[in-house]
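Scroll down for the structure; my scribbles are underneath it.
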């Protein structure tokens, strides 16, 4: 008797276990073609949103969308709850990345505006040759393409063209003096600079000035030689 009873208990337990397995593996509720809107709401709950265009109505769920025509399901694009949860995590991660990028962009823009205003108010910068100011604004435009400096670029280009005119009153010797003065100022600026981009900008300008200085000095030598050749001989 006990053996038969034990066998019945084991059979019952196996049947219950199989039922539990089947229940766990049962697919999530879905929307079948022909279902009414009430049928879908009974299965999936109220939609997060909906939109109607003509005969077509769309219900929006976390798991996807259900499409109705004349009040009955035409098709559905629903994923499993697990897939929906994974997609939400990915979307949250993407939203956070965009938030961080936007904050960084806003900070860079604010820093660029501050830098631009400082250079507008910097008398030493405004006294630089137009070619140097033009090079600075070109570099600024590359670093901050979202900030408009077209007026600064147009102004420095016009000033640079004036400086290159043959009737410009600033001769090569005055230019050499200006370069020496600017190099001295750059040395002082470099000592006070606290950020790498500023030091790189100073070094780039220093290199350009040294090249220009060498060319200016080379250009002076023929004039000096002419002057010495035209000088009256000493008695």
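In the stretch 189-212, the residues that are outside any helix (DSSP H, G or I) form Cβ pairs under 8 Å with partners that are surrounded by 12 or more Cβ atoms within 10 Å (Cβ to Cβ), at six or more places apart or across chains, as follows: 193/199; 193/202. Within the option set 15, 108, being under 30 Å from residue 149 (Cα atoms), modelled with pLDDT under 95 and not assigned by TED's automatic domain parsing to the domain that holds residue 139 holds for one residue only, 108. Within the stretch 47-73, the residues that satisfy the criterion of being touching a helix residue (DSSP H, G or I) at 6+ places or on another chain (Cβ under 7 Å) and part of a strand (DSSP E or B) are 59, 61, 66, 68, 73. From the list 94, 76, the one residue that fits, being outside any strand (DSSP E or B) and either outside the structural domain of residue 201 (by TED's automatic domain parsing) or over 30 Å from residue 197 (Cβ atoms) (or both), is 94. Would it be correct to say that residue 135 is assigned by TED's automatic domain parsing to the domain that holds residue 213, modelled with pLDDT under 95 and more than 30 Å from the chain's Cα centre (by Cα)? Taking the combined requirement at face value, the residue does not satisfy it.
The values are calculated or read from the model by the stated rules, or taken from the named source; none is laboratory data. The structure displayed is predicted, hence computed values, not measured ones. Methodologically, a virtual Cβ is constructed for each residue, glycine included, from the backbone with ideal geometry; neighbour enumeration extends over all protein chains shown.
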